[in-house]
Each structure stands twice: as structure tokens, then as C-alpha cells.
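Engineer: Input: one structure, supplied below.
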Amino acid sequence: MDGLLLDSERQYLESFSQTCAQFDLSNMEQVFYDCIGLRSADSSIVLQKALGHLVDLAAFNAAWVEHAEQQRAKNIPLKSGAQELLSLLQDAGIPRMVATSTRTDHALHHLQKAGIYDLITHVVGGDQVTLGKPEPEIYLKAAATAGFDANDCAAFEDSDPGTLAAVRSGATTVQVPDLKPPSQQTLALGHVVALELLAGAQKIGLI
């Protein structure tokens with residue numbers, strides 16, 4: 001969802017940078033990048049390791065949430081091709097499942113605010129699975145909820161952890177990188193990489 005359908009990663013990065021400035025932390029962008037694609041519980045481990053010895057992490061997280069909410073209150077922009085692709089799939093009768101590391105209630109709110117909730121069939125949030133990305137559980141659950149085997153599904157991702165999860169599930173995987181380019185290790189998975197959603201869908205014959 002974030003960084004793929006919603007152009008929200010830039011908002012998260014800006015709010016993270018604002019929070020770092022508030023706590024007199026500098027050169028911490030890599031910490032943010034290391035959290036991309038992870039559930040809150042897993043990103044908390046990253047933050048604890050990187051920042052736990054420097055700040056009160058609870059206070060840092062609270063400030064980050066506040067800054068992020070201020071950003072989202074303005075608007076949540078869409079990524080190029082997101083609405084068009086979802087509409088085309090809806091017209092074709094193809095289920096559109098969101099498998100996101102974000103908590104389900106937050107994901108529903110963000111999709112509604114961005115104006116594409118009505119184009120989504122179902123949302124599987126990170127709180128609905130035991131193991132987050134890069135484990136494949138969320139994609140297996142999303143496919144099963146739609147009534148399909150993951151091998152018969154196409155998965156679109158922006159992050160490396162999400163892409164690895166999708167590939168491990170057996171789904172035909174398209175990566176549309178956002179802020180963070182795919183690593184060489186991720187590229188070695190052999191999936192499709194595209195500059196934007198519609199191009200990726202065309203590459204695998206979905207549209």
C-alpha cells in the first residue's frame with residue numbers, strides 16, 4: 001500500500017526527519033530506509049537497535065506519529081497509475097487485495113482518505129498475520145481470502161522485504177520501487193521490475 005498505491009513514503013520520511021531534528025539526531029535517513037516494508041513490531045526492532053541508546057524511544061515514536069498524522073491530515077496522494085490499474089482490474093472482475101504491513105484499521109483509513117477504498121476488495125493488514133514481510137504469510141492469507149492459490153495471483157510491491165515475501169508465496173511478482181531502489185540480492189530473485197504500476201501490469205499480461 002504505502003509506496004505502491006499511496007505516495008506516502010515521502011510523507012513518512014519527512015515526518016521522520018522532523019522527529020530526528022526535534023531530538024537533535026542527524027544523518028539517520030538509512031534507519032528510515034531500513035524500516036520500509038516492515039510491520040510496526042519489526043521496524044521497532046530496527047529503531048531500538050539504531051536509536052535506543054540515543055533517545056527515549058517511546059517519546060521518539062510518539063513524536064513521529066504526531067508529525068506523520070499532521071502530514072496525512074493534509075492529503076494522501078496516489079502513486080502514478082494506482083487508480084487506473086485498480087479500476088481496470090475491477091472492470092475485469094479481478095479481486096484487488098491489499099496486503100500491507102500497516103495495521104488494518106490504519107490501512108482502511110488511509111485508503112479511504114486517498115479515495116481508492118471503494119476500488120479495493122479486501123485489506124489484510126500486518127496485524128492479521130503472525131510473521132511479517134519478508135515472510136510470505138500475508139500474501140498466502142490475501143490469496144486464500146480471495147479464494148485463490150498464491151501461485152495463480154499477481155503481487156505488486158515496492159520494498160525489498162515485500163518483494164521477497166511475494167516471491168516466496170509463489171505469486172507472479174512485480175516490483176515498482178519507490179524511495180529505495182532494489183538491492184542486488186533482491187534483483188537476483190528474477191521477478192519483474194517496472195518503473196510504474198501500469199507498465200508492470202502490462203509486462204505480466206495483466207492488462
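Just so you know, all these numbers are worked out from the coordinates, no wet-lab data involved. Quick caveat, the model's predicted, so the values are computed rather than measured. Backbone-built Cβ (ideal geometry, glycine too); neighbour counts: all protein chains shown.
Engineer: For Cα pairs less than 8 Å apart in space and 6+ apart in sequence, what is the mean separation divided by the residue count of segment 82-203, i.e. the relative contact order in percent?
Structural biologist: Worked out over segment 82-203, it gives 20 percent.
Engineer: Additional query: Note down the magnitude of the dipole of segment 82-203 about its Cα centre, charges +1 on Lys and Arg C-beta and -1 on Asp and Glu C-beta and zero elsewhere, to the nearest 20 debye.
Structural biologist: 120
Engineer: Pop out the ³J(HN,Hα) list for segment 138-152 in order, Karplus 6.51 cos²θ - 1.76 cosθ + 1.60 with θ = phi - 60°, rounded to Hz; leave Gly and Pro as x.
Structural biologist: 5, 6, 5, 5, 4, 5, 5, 5, 7, x, 10, 7, 4, 4, 9
Engineer: Relative contact order for segment 5-102: what is it in percent, counting Cα pairs under 8 Å that are at least 6 residues apart?
Structural biologist: It rounds to 44 percent for segment 5-102.
Engineer: Something else: Which whole-Hz couplings ³J(HN,Hα) result when phi for each residue of segment 175-183 is put into the Karplus expression 6.51 cos²θ - 1.76 cosθ + 1.60, θ = phi - 60°, listed in order with x for Gly and Pro?
Structural biologist: 9, 10, x, 10, 6, 10, x, x, 6
Engineer: Hey, another quick one. Given an 8 Å cut-off on Cα distances and at least 6 residues of separation, report the relative contact order of the chain as a percent.
Structural biologist: RCO, the chain: 21 percent.
Engineer: Oh, and also: Would you mind computing, in nm to one decimal, how far apart the modelled labels at Glu29 and Asp127 are, each placed 7 Å from Cα along Cα→Cβ?
Structural biologist: The answer from the label model is 3.2 nm.
Engineer: Specify the residue with the greatest mean-square fluctuation among Gln90, Gln71, Gln22, computed from a Gaussian network of the chain linking alpha-carbon atoms under 10 Å apart.
Structural biologist: Between Gln90, Gln71, Gln22, it is Gln22 that shows the largest mean-square fluctuation.
Engineer: Next question. Put a dot 7 Å past each Cα toward the Cβ at Glu196 and Asp149; how far apart are the dots in nm?
Structural biologist: Placing both labels 7 Å along Cα→Cβ, they lie 3.6 nm apart.
Engineer: Using alpha carbons only, how many degrees (0 to 90, rounded to 10) separate the axis of helix 160-169 from the longest principal axis of the chain?
Structural biologist: Tilt relative to the chain: about 40 degrees.
Engineer: Can you list residues from other chains, or at least 5 along the same chain, whose modelled amide H is less than 5 Å from the amide H of Lys133?
Structural biologist: Arg39
Engineer: All other residues with a Cβ under 12 Å from the Cβ of Asp34 taken together, and with Lys, Arg as +1 and Asp, Glu as -1, what is their net charge?
Structural biologist: Summing Lys and Arg as +1 and Asp and Glu as -1 gives -1.
Engineer: Could I ask something else about it? Between Tyr117 and His53, what's the calculated FRET efficiency when r is the beta-carbon distance and R0 is 35 Å? Round to 0.05.
Structural biologist: 0.30
Engineer: Amide H of Thr173 versus every other amide H placed in the peptide plane: which residues, excluding those fewer than 5 positions away on the same chain, fall under 5 Å?
Structural biologist: Ala155, Val192
Engineer: So, one more: I'd like the distance between the alpha-carbon centres of segment 42-117 and segment 138-180, rounded to an integer number of Å.
Structural biologist: 17
Engineer: Now a separate question. For the pair Ile45 and Ser87, how long in nm is the line joining their label points, each one 7 Å along Cα→Cβ?
Structural biologist: Taking the simple label geometry, Ile45 and Ser87 are separated by 4.1 nm.
Engineer: Using a Cα-Cα cut-off of under 29 Å, which lysines could be cross-linked to Lys79, ignoring same-chain neighbours fewer than 8 residues away?
Structural biologist: Lys113, Lys133, Lys141, Lys180, Lys203
Engineer: Okay, next question. What ³J(HN,Hα) values, in whole Hz, does the Karplus curve 6.51 cos²θ - 1.76 cosθ + 1.60 give for segment 43-49 when θ = phi - 60°, with x put for Gly and Pro?
Structural biologist: 5, 4, 5, 4, 5, 4, 5
Engineer: In terms of modelled amide H atoms, which long-range or inter-chain residues lie less than 5 Å from the amide H of Ile207?
Structural biologist: Gln202
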